[in-house]
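Q: The structure's right below; bear with me while I get my questions together.
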Amino acid sequence: ADPDPLQDFCVADRNATISVNGFPCKPISQVTSEDFFFSGLMKEGNTSNVFGSTVTLGNVLEFPGVNTLGISMNRVDFAPGGINPPHSHPRATESGVVIQGKLLVGFVTTNNVYYSKVLSAGQMFVIPRGLVHFQRNVGEGKAFTLAAFNSHLPGAVVAPTTLFASTPSIPNEVLTQTFQVKDEVINSIKSKFGA
Ligand code: GLV
Ligand code: MN
């Protein structure tokens with residue numbers, strides 16, 4: 001989904017003081033092999049949180065070598081029963097492969113149709129750009145997946161935190177009217193996300 005690159009590479013210069021749509025390129029004289037390799041997805045993420053899952057990012061902010069190349073990758077770890085809650089990526093289609101465990105992967109279309117499947121290690125999924133999706137560990141043990149994106153910075157709109165843990169927070173009257181529940185339900189949900 002990103003624009004085509006205009007050169008072989010443009011390793012992001014994270015110290016640049018100018019701001020553009022993307023990141024400026026580090027001078028070629030300073031580019032080394034290290035810029036094109038990334039070890040950040042080797043480690044299992046800490047899943048001790050309300051969702052029992054964690055996303056380890058491998059986008060342009062962590063891996064400057066992917067700047068302008070229109071790709072990036074995440075690792076998602078799950079405790080038993082853990083969920084990567086419903087979210088969407090405004091700038092990318094996602095394709096993933098389950099590396100370990102058993103995941104229920106589902107998404108909902110703009111016509112409100114739900115598609116899902118339980119996947120085991122080695123099986124792949126695809127989430128069309130912008131659609132709300134989730135993964136849930138439905139196996140006995142831990143699980144993890146690697147997810148690739150056709151953007152160097154896919155972005156993530158995470159439904160629960162977007163709605164219930166924004167800064168400042170969305171007024172309760174908006175959420176009670178939206179979900180047709182009482183104030184205390186909204187307060188209870190907000191409190192779970194530290195809002
Ligand atoms: C998984 O859905 C991810 O966005 O990393
Ligand atoms: Mn995703």
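The values are calculated or read from the model by the stated rules, or taken from the named source; none is laboratory data. Predicted, not measured: the structure shown is a model, and the values here were computed from it. All Cβ positions, even for glycine, are placed from backbone atoms using ideal geometry, and neighbour counts span all protein chains on display. The area values use the complete protein model at the heavy-atom level, side chains included, leaving out ligands, DNA and RNA. Shrake-Rupley method; radii C 1.70, N 1.55, O 1.52, S 1.80 Å.
Q: What do you reckon, is G40 over 19 Å from A159 (Cα atoms) and within 16 Å of ligand 2 (Cβ to nearest atom)?
A: no
Q: Within segment 104-158, track down each residue that is hydroxyl-bearing (S, T, Y) and open to solvent by 40 Å² or more (accessible area, probe 1.4 Å).
A: We begin by selecting, within segment 104-158, every residue hydroxyl-bearing (S, T, Y); these are 109-110, 114-116, 120, 145, 151.
Listed by number, the residues that qualify are T110, Y114, Y115, S116, S120.
Q: Of all residues in segment 87-103, how many are outside any loop (DSSP other than H, G, I, E, B), surrounded by fewer than 18 Cβ atoms within 10 Å (Cβ to Cβ) and within 12 Å of ligand 2 (Cβ to nearest atom)?
A: 1
Q: Can you pull out the helices (runs of 4 or more DSSP H) entirely within segment 123-195 that have at least 1 residues that are at pLDDT below 95 and not assigned by TED's automatic domain parsing to the domain that holds V50?
A: 183-192
Q: Residue pairs, Cβ under 8 Å, 6 or more apart or interchain, first in segment 22-38 and free of Cβ contacts under 8 Å to residues at least 12 places away in the same chain, second open to solvent by 80 Å² or more (accessible area, probe 1.4 Å) and part of a helix (DSSP H, G or I). List them.
A: none
Q: Go through segment 21-71 and give me each residue that's on the phi > 0 side of the Ramachandran plot and not in a loop (DSSP other than H, G, I, E, B).
A: G22 - this is the single residue of segment 21-71 that is on the phi > 0 side of the Ramachandran plot and not in a loop (DSSP other than H, G, I, E, B).
Q: Taking into account only those residues within segment 63-82 that are more than 11 Å from A143 (Cα to Cα) and of a type in the set (A, V, I, L, M), which is surrounded by the most Cβ atoms within 10 Å (Cβ to Cβ)?
A: Once the filter is applied, the top-ranked residue is V66.
Q: Something else: If you scan segment 143-157, which residues turn out to be farther than 14 Å from V66 by Cβ and away from ligand 1 (no atom under 11 Å from the Cβ)?
A: Passing the criteria: only A143.
Q: Taking the conditions exactly as written (more than 13 Å from ligand 1 (Cβ to nearest atom), open to solvent by less than 20 Å² (accessible area, probe 1.4 Å) and within 16 Å of the chain's Cα centre (by Cα)), does V60 satisfy them or not?
A: So V60 passes the test.
Q: Given (1) within 16 Å of ligand 2 (Cβ to nearest atom); (2) open to solvent by less than 30 Å² (accessible area, probe 1.4 Å), where does G52 come up short, assuming only one miss?
A: Just one mismatch for G52, condition (1).
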